[in-house]
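Structure first, commentary second.
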Amino acid sequence: MKGNFKYVCRYFSRNSIDVTPEVKNALNKQKPVIALESALITHGLPFPKNVETALEMEHIIKSHNIIPATIGIINGRVKAGMSPEQINVLGLSAEKKTVKVSRRDFPYVLSQGLNGGTTVSGTLVVANALGIKFFVTGGIGGVHIDGQNSLDVSADLIELSRCAIMVVSAGIKSILDIGRTLEYLETVGVCVASYDSNGEFPAFYTKQSGYKSVCNVTSPCEAAGLLEQCQNTGSGVLLAVPILEERIKKTEIDKAIKNARQMCEKQGIVGKNITPFVLSEVSRLTKGLSMDTNISLLKNNSLVGSKIAMEYYSKLSSTSKSIFEVKKSMKKSTKSPI
C-alpha cells in the first residue's frame, strides 16, 4: 500500500574494513573510486601474471585521475585499497591457504585471520558498504551448466541485485550457462546492458554469445545515465563490454570448455573450486590464448570503466554529502546497508 513500504537491508560492518586514506579521501570529496576484485590475483591467474595484471589495471585507472580500490583480505582484515606489496602478498600466497571469498565466507576468513581473494560478490559487499559505485572485473559468475538441477548458482547474481553498483565486465564467464544466467538476472531485477555491441551480449572470450542484450549503450555518457537511474531504483547494473579483438574462435573455445568440464567432473571437483579449475584447464588446452584474452579484456574493461566513472562524477553535485559524512550524522551507526 502507498506510504506503507518498508525497506529491508543487510549489513556489513565497516569495523572489519581497513580503508586507505587515499580511498577514504576520494569518497569524502565525491571523487571517483573504482573497486577491483582480488580473486583474479589469488585464483584467476598464475604468478607473476596475476600481480602484473592487477597493477596494470590500477595504472590504467589512475591515469584517468581515478582512485583504484583493490579489495582483498590479509590476515583477517578486509582491505579497501591495497599497496603493491599487499597485492604481491596475495599473488604469492595463491598456492597456500588462501580462500576464495564469496559473501558467505567472510565470517570464517575474518575470524581465522586468513588471507582471501574476494570474488565479484565479496567485492560488491565491501564496495557497497563504502559507497563505491563502480567495479571493474573480467566476468561475473552465474548459473552453472546443469544448474537447474544442481542449484549451483553464483552469489554474484544475488549481490548484484542488492547493490546499486555498475559492474563493468566482459559479461558472464563463458564456462557457465549464459542463457539461464540472463534469465536469473531478470528475475532478481538486475539491469543488464551491452556497451557498444549492436545489441549482442558478449561471451567473455568472444564478442557474441547468441543472446541479445535487453539494452545497449554506446557512450560513457549513456552508461553514466544508466547508473544514475539504477541509483534511484536500488539495483545493480551489469555492463557487458565486448572484447576488442577475438584471439580464439568460438568453436575452439567451446570445445576447450567442454573438455575442461569433462575433466572437472572426472576428478570430482565441486563447488567454488570448479571455476578456477576449468579456467586453468581451458588455458592449458588453448595453449595460453584464453589467459591472454582474459588479461586483455581486464585491461580494456578498466579503460571503459574509467571513462564512464569520469562522466558520472562530472555530473554529481558538489554539494552532495559523501557516504562518510552521512554516516557521521546517523546515531549509533557502525554499519552500512547492503
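The values are calculated or read from the model by the stated rules, or taken from the named source; none is laboratory data. Every value quoted in this text rests on a predicted model; they were computed, and no experiment measured them. Don't worry about glycine lacking a Cβ; one is built from the backbone with ideal geometry, like all the others, and counts go over all protein chains shown.
Below, the figures for the structure above:
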read-out	value
Positions within segment 104-130 being surrounded by fewer than 20 Cβ atoms within 10 Å (Cβ to Cβ) and in contact (Cβ under 8 Å) with a residue 40 or more places away in the chain, in sequence order	104, 110, 114
Matching residues in segment 183-209 - criterion: being over 20 Å from residue 153 (Cβ atoms) and touching a residue at least 24 places away in the same chain (Cβ under 8 Å)	193, 194, 195, 196, 197, 200, 202, 205, 206, 207, 208
Residue that is surrounded by the fewest Cβ atoms within 10 Å (Cβ to Cβ), among those in segment 134-152 that are part of a strand (DSSP E or B) and not aliphatic (A, V, I, L, M)	134
Residue ID - farthest from the chain's Cα centre (by Cα), chosen from residues in segment 34-50 that are in a helix (DSSP H, G or I) and of a type in the set (A, V, I, L, M)	41
Answer residue from segment 135-173, given it is more than 15 Å from the chain's Cα centre (by Cα) and small (Gly, Ala, Ser) and is farthest from residue 293 (Cα to Cα) among those	150
Any chance residue 197 is surrounded by 22 or more Cβ atoms within 10 Å (Cβ to Cβ) and among the hydroxyl-bearing types (Ser, Thr, Tyr)	no
Unmet criterion (only one of (1) acidic (Asp, Glu); (2) surrounded by 22 or more Cβ atoms within 10 Å (Cβ to Cβ); (3) over 22 Å from residue 277 (Cα atoms)) for residue 56	(2)
Scan of segment 214-243 for residues that are within 19 Å of the chain's Cα centre (by Cα) and either hydroxyl-bearing (Ser, Thr, Tyr) or within 30 Å of residue 282 (Cβ to Cβ) (or both), ordered by number	223, 235, 236, 237, 238, 239, 240, 241, 242, 243
Residues satisfying the stated conditions in segment 228-259, i.e. part of a loop (DSSP other than H, G, I, E, B), at negative phi and in contact (Cβ under 8 Å) with a residue 60 or more places away in the chain	235, 236, 241, 242, 243
Index of the failed condition, residue 96 passing every other in (1) at pLDDT below 95; (2) basic (Lys, Arg); (3) under 19 Å from the mean Cα position of the chain (by Cα)	(3)
Matching residues, segment 87-121, being in contact with a Lys or Arg (Cβ under 6 Å, 6 or more places away or on another chain) and assigned to a helix (DSSP H, G or I)	121
Search result, residues across segment 153-169 that are assigned to a loop (DSSP other than H, G, I, E, B) and at pLDDT below 95	154, 163, 164
Those residues of segment 59-69 which are loosely packed, with under 15 Cβ neighbours inside 10 Å, part of a helix (DSSP H, G or I) and of a type outside the set (D, E, K, R), in sequence order	59
